[in-house]
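Student: There's a structure below that I have some questions on.
The values are calculated or read from the model by the stated rules, or taken from the named source; none is laboratory data. Computed from a predicted model, the values in this text were never measured in an experiment. Note that each Cβ is placed from the backbone with ideal geometry, even for glycine, and that neighbours are counted across all protein chains shown.
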């Protein structure tokens, strides 16, 4: 939740005692996650800043000292709000009835020596400036402790608060005085209550504590044996705003909400509600464009009956049902009625009796789980909308289907206006067809679309509910609809006084001309109702004037009703025909676009006139919390675009949007203040206007623009600066597309440095604290055309070929699929599914004149695919273990494939017959690679294995072996450098159980250290009594110290109970030490004696990296762990100083330095971030977002190095201004 600058500062301190070294039976590991849940809730939802000094498993003195130090800090203000969470064991002494907090050092034989809960009040409030405290006690019997704590606060502390307005101490307890508390229950209940609408709607700025606690106690998830309690003490006015309402927005109404602070599921639900109200319901009702004229829906019983039968009788063989028809045939009306009837709240608003629907044509409530209007939606947005209906964050069709496995009934999704999606073809191929093809009874799709998508959906028109077909076209209903329009469209309609027979004759004539279009009938009946006289249905000339197409009807209506003003209406409506998303904003944009496009002066007065005289053509919607306006029907947009200059219209919209972006001092555009429509849709208009190159030249626009539309527009860049800007933006799009602007800027600035785009690099870096200095990756240039995203796991191989005259690439992935991409357009053409395990390699060739791909997988098979039809042609089975490589060639003019695998063989297959021709045996381990060529006209295959040999095979005969490589015989895991005897050397540690020393100048191998009995994981260099030494860490559970000059092993450290993964060296009072880590425990050793000095315990999972530093003269170690944290330890005492929390996945690397007198650490994590921390305070100073972050290094001069994949990124720190 963003922090309002007018709001008080909010701080969270969270501690949990999950481990008791002196009483392991007390351990409650669930409290580690409980604390994390509290931190996420308060920082993400409630806008608090987390102060990480308390951390996990504090001692009694640490807990009170850290609380007091924070509250005594000179930076505290009386209006600060401090929230404190403490989870752990609580006990009540029999003798004194005191409530005690059992901190981590508590001795089970001396519980009386534990921390009295009342002391917390003294630590936080006595002679401090803190006046607003929310204390959450998550312990057994905590209700007893709160009584003592509040009594202490009243008698000794809060009396000094005087007239400080808004002061108060609030305490929420997880249990009553005689109750135990379930570990982990309190955070879950609190999070549920904070996010629940019953606690507070959208108007209150603060969540009432009593309502919150009441909801926690009524939750079905609450253990029956505990009751949440709360109290408030020392109030000097209103209750402090401890819990800001994350849904608060005073502008919001119950219906028209813009949930910018809500969860993604709530946002999706709001989008669906907007679509239902402004799209589906308006069309279903069929009257006025704003849905206020009551229900006009008539007929369509056969269509409704067939759809209802499909809904009521799920058939796994028919997961997809399509409703189609020409423009105006009523697709959205029919599907809108289905959506209303199946909606639990909307069904009651449908006048079933008045509509005269047969019972069999009325679907059950909840027969449709979610209704989505696809206009303007991308494939990603559609997937998010479907997933949100089941509270899922699935990012691929496969993930969504997996999450539907446990449903007792299939998820039924209604999708209308599929043909109006951002890229309908892509949406069908990438999302809807895969969902339907693999639904297996888990999901069903009811889709409305024009007929041009039917083939892609796998349908012929005869297989659909075709509203224009004889079975479904309903002339009688159309006639009734016209009659309703003639009577009710205008209060002054002459037809209200016409004889019924005349009314029927006119209605018959209009319906006959309009058939089967309800839209034409609606417009024509409105035109006639506005006339002063009733038409003569027997007049042939009049009948010939009746429109038959939507465009004709609109033109006729405007000319008849508005005469000379018809052109004025068209000018004002035409911008809406080119609007993106939910429509064009009015504000100061709509009239300006109409003026710029038509060359006629128009103002808001003209739009007000339009609403009065032609308002039936316009529908109001909401996007980003702002009103937007669009045309009533897509067919009207088609008409208004006829004979219009599309480029000129998009130029007009682009220029107006740009002119409305405020400027700051100096003339630059202030993009954070731009209209949301501009940030979301300007790129689309600029691309269609041919102005995208100019737009992306603005570095600030790249930072603040919505990525979805900008990405689709970037392929239209054609100038060198535009193409370079596009390459920079695309390079790390998967990292920055969901980041806030501040962090997106860091990524873009780094990629601008990577591509050597100096201007962008300078402009993007200007406001950064850590400015990218240089990066490797010179191969990255504007010639990079695209990044293919779609696979959901690592891509293992790619091959290129041609398909139907266009160049394509085939990629294979560990997500078990292969995908085919158009190299010119970056479009995904198709996906091959069939393998049941990771794919490892691919090769392309031709078979019988058709392009094919051969894929190999860890499922022990190779498969041949037709690239044009996506058909699987054949499967090769014969390997007895996973396959690793494939190559294609010809043998006696027949196409063959050579596959290799972990079964130590290579096999040759006839692609036409699927026959195995021969098997090559000789490798002694997995065969990882293969390539084919010829020697003097004879076809050969060259294979390479991890047995350190390459072998050349004449197809059917072995030719010989290649010599083994020199150096390490397995992967190098780590390296370090130092000097020995005046020459620079590197020490490498390998999976081959050895470490080797290399002369960096000559590449000579100086010596090899042997002694470890398993692979090495890490190495560090230091000096011991003046001689250079290396310390190696191994999977054999030991670390060893080696003399680099003599190659002698000095000592071995034994004590770890599993692999030693990390090592670092430091000096304490002149004594050389090494810190090693692997299990959750890290250990410090004396290098000279081999003695274990101390152990560091606190991590809950294995330690992956360690670094050493000094803080104000004391030596510390920083450990990085799989438990998603890094921790700082005093090397002399083994005491934990602070914990860094913020990473969401394993922390894999750490480095330390002192910069401008401040000791800092940088950590790298599998969550694709690197973070910079203040070692003394634990404060997070900065974050970097990049794919595949590996190692980090930090210099005292302020240079930061981050490795990402194969690249090295270097940043220079600049002083904050």
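Student: Give segment 531-560 a look and list any residue that's within 23 Å of residue 609 (Cβ to Cβ) and surrounded by fewer than 17 Cβ atoms within 10 Å (Cβ to Cβ), or say none.
Tutor: 531, 532, 559, 560, listed by residue number.
Student: Look through 979, 988 and report the one residue that is assigned to a strand (DSSP E or B), touching a strand residue (DSSP E or B) at 6+ places or on another chain (Cβ under 6 Å) and at pLDDT 65 or above.
Tutor: When all the criteria are applied, what remains is 988.
Student: Moving on to the next point. Confirm whether residue 775 is at pLDDT 75 or above and either surrounded by fewer than 19 Cβ atoms within 10 Å (Cβ to Cβ) or in the same structural domain as residue 1187 (by TED's automatic domain parsing) (or both).
Tutor: Answer is no for this residue.
Student: Keeping to segment 792-822, report how many residues are farther than 19 Å from residue 838 by Cβ and assigned to a loop (DSSP other than H, G, I, E, B).
Tutor: Going through segment 792-822 one residue at a time, the tally reaches 2.
Student: Same structure, new question: Looking only at segment 46-59, count every residue that is more than 28 Å from residue 20 (Cβ to Cβ) and out of contact with any helix residue (DSSP H, G or I) (no Cβ under 6 Å at 6 or more places or on another chain) and tell me the total. So that I can check it myself, show each step before the final result.
Tutor: As a first pass, look at segment 46-59 and keep what is more than 28 Å from residue 20 (Cβ to Cβ): 46-49.
With the extra rule that they be out of contact with any helix residue (DSSP H, G or I) (no Cβ under 6 Å at 6 or more places or on another chain), the set shrinks to 46-47, 49.
Qualifying residue count for the region: 3.
Student: Next question, about the same structure. Restricting to segment 328-357, name every residue that is outside any helix (DSSP H, G or I) and over 19 Å from residue 296 (Cβ atoms).
Tutor: Answer for segment 328-357, where residues must be outside any helix (DSSP H, G or I) and over 19 Å from residue 296 (Cβ atoms): 343, 344, 345.
Student: On to the next question. So if I check each of 708, 749, which one is part of a helix (DSSP H, G or I) and crowded, with 21+ Cβ neighbours inside 10 Å?
Tutor: The match here is 749.
Student: Could you say which residue among 212, 257 is in contact with a helix residue (DSSP H, G or I) (Cβ under 7 Å, 6 or more places away or on another chain), assigned to a helix (DSSP H, G or I) and either closer than 30 Å to residue 79 by Cα or at pLDDT below 75 (or both)?
Tutor: Step by step, each of 212, 257 is checked, and only 212 is in contact with a helix residue (DSSP H, G or I) (Cβ under 7 Å, 6 or more places away or on another chain), assigned to a helix (DSSP H, G or I) and either closer than 30 Å to residue 79 by Cα or at pLDDT below 75 (or both).
Student: I need the full set of residues from segment 595-649 which are under 36 Å from the mean Cα position of the chain (by Cα) and assigned to a loop (DSSP other than H, G, I, E, B), in order please.
Tutor: Answer for segment 595-649, where residues must be under 36 Å from the mean Cα position of the chain (by Cα) and assigned to a loop (DSSP other than H, G, I, E, B): 624, 625, 632, 633.
Student: Using the structure shown, decide if residue 512 is closer than 25 Å to residue 421 by Cβ, surrounded by fewer than 18 Cβ atoms within 10 Å (Cβ to Cβ), at pLDDT 85 or above and out of contact with any strand residue (DSSP E or B) (no Cβ under 7 Å at 6 or more places or on another chain).
Tutor: Criteria not met by residue 512.
Student: Evaluate the following for residue 877: is it surrounded by fewer than 18 Cβ atoms within 10 Å (Cβ to Cβ) and touching a residue at least 24 places away in the same chain (Cβ under 8 Å)? I'd like the intermediate steps shown before the answer.
Tutor: On the way: surrounded by fewer than 18 Cβ atoms within 10 Å (Cβ to Cβ): yes; touching a residue at least 24 places away in the same chain (Cβ under 8 Å): no.
So residue 877 does not fit the description; no.
Student: Filter segment 405-419 down to the residues that are at pLDDT 90 or above and either more than 20 Å from residue 321 (Cα to Cα) or touching a strand residue (DSSP E or B) at 6+ places or on another chain (Cβ under 7 Å) (or both) and list them by number.
Tutor: 410, 411, 412, 413, 414, 415, 416, 417, 418
Student: A further question follows. Collect the residues in segment 523-543 that are under 19 Å from residue 478 (Cα atoms) and in a helix (DSSP H, G or I), keeping them in residue-number order. Show your work before the answer.
Tutor: At the first step, the residues of segment 523-543 found to be under 19 Å from residue 478 (Cα atoms) are 523-529, 535, 537, 543.
Those that are under 19 Å from residue 478 (Cα atoms) and in a helix (DSSP H, G or I): 523, 524, 525, 526, 527, 528, 529, 543.
Student: For segment 290-306, indicate whether the set of residues that are on the phi > 0 side of the Ramachandran plot, assigned to a loop (DSSP other than H, G, I, E, B) and either crowded, with 18+ Cβ neighbours inside 10 Å or modelled with pLDDT of 90 or more (or both) is non-empty. Break it down into steps so the answer makes sense when it comes.
Tutor: Quick first cut of segment 290-306, residues on the phi > 0 side of the Ramachandran plot only: 291, 294, 299-300.
Next, from what is left, pick out any that are assigned to a loop (DSSP other than H, G, I, E, B): 291, 294, 299-300.
In the following step, the residues that additionally are either crowded, with 18+ Cβ neighbours inside 10 Å or modelled with pLDDT of 90 or more (or both) were identified as 299-300.
Yes.
Student: Based on this model, can you work out whether residue 170 counts as within 14 Å of residue 84 (Cβ to Cβ) and either part of a loop (DSSP other than H, G, I, E, B) or modelled with pLDDT under 85 (or both)?
Tutor: no
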